[in-house]
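Written out below as structure tokens is the structure these notes cover.
Every number in this text was worked out from the coordinates using simple rules, so none of it is lab data. These numbers come from a predicted model, not from an experiment. Here the Cβ is made from the backbone with ideal geometry for all residues, glycine too, and neighbour counts use every protein chain on show.
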Amino acid sequence: MAKQTKYIKDLMSAESAHLEKLHQIVRHSLEEEELLTQTLMKADQGSARYGERLADKVAEFGGSWTFIITFAVVLVSWIALNSYFLAQRTFDPYPYILLNLILSCLAAIQAPVIMMSQNRQEAKDRKRAENDYLINLKSEIEIRHMHQKLDLSLEDQYKHLCEIQQRQIELLEKIERKLDRLGKQ
């Protein structure tokens with residue numbers, strides 16, 4: 001009976017050691033995941049220079065309906081003011097050369113600023129794609145670890161079940177021998 005108790009205790013301690021090993025693997029994986037996400041979040045919070053932030057705001061405003069409507073109102077007002085209201089003393093007569101100059105200067109300044117913003121957005125998108133790749137790679141590694149843990153667990157369970165079955169067979173043979181001895185008496 002003491003041999004059986006020792007065997008069961010050994011089996012339980014082996015199970016506990018196996019579970020502790022699995023818990024350590026999971027803890028380590030979670031810590032790695034946490035470090036990866038913290039690193040990626042810190043990288044996204046990079047400080048933009050003043051010029052870059054200004055370019056982003058100009059591009060945001062230049063691509064909005066507010067800009068288009070305001071621009072249309074200014075153009076119509078300019079033309080109306082010079083053509084009808086100041087018919088005698090216009091400061092920019094009909095071909096609107098001053099208006100064309102202002103529009104050309106606005107386009108010449110606005111285009112590179114918008115391109116700077118687009119380049120910055122492209123760099124952000126590239127970094128985001130790299131981060132997605134890292135997260136996907138980490139997920140793939142985690143899935144592989146989970147498969148390994150599952151395989152290890154199944155293998156250990158099968159081994160333990162075989163040991164238990166072998167022990168049960170030994171006990172049944174022992175019982176059978178005792179019954180044979182009792183039957184012969």
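The calculated FRET efficiency for the pair ASP125 and GLN88, based on their C-beta separation and a Förster distance of 41 Å, comes to about 0.15. Distance between the 7 Å Cα→Cβ label points at LYS9 and HIS145: 3.5 nm. For the stretch 97-134, backbone nitrogen atoms closer than 16 Å to the point 7 Å from PHE71 Cα along Cα-to-C-beta are found at 99-118.
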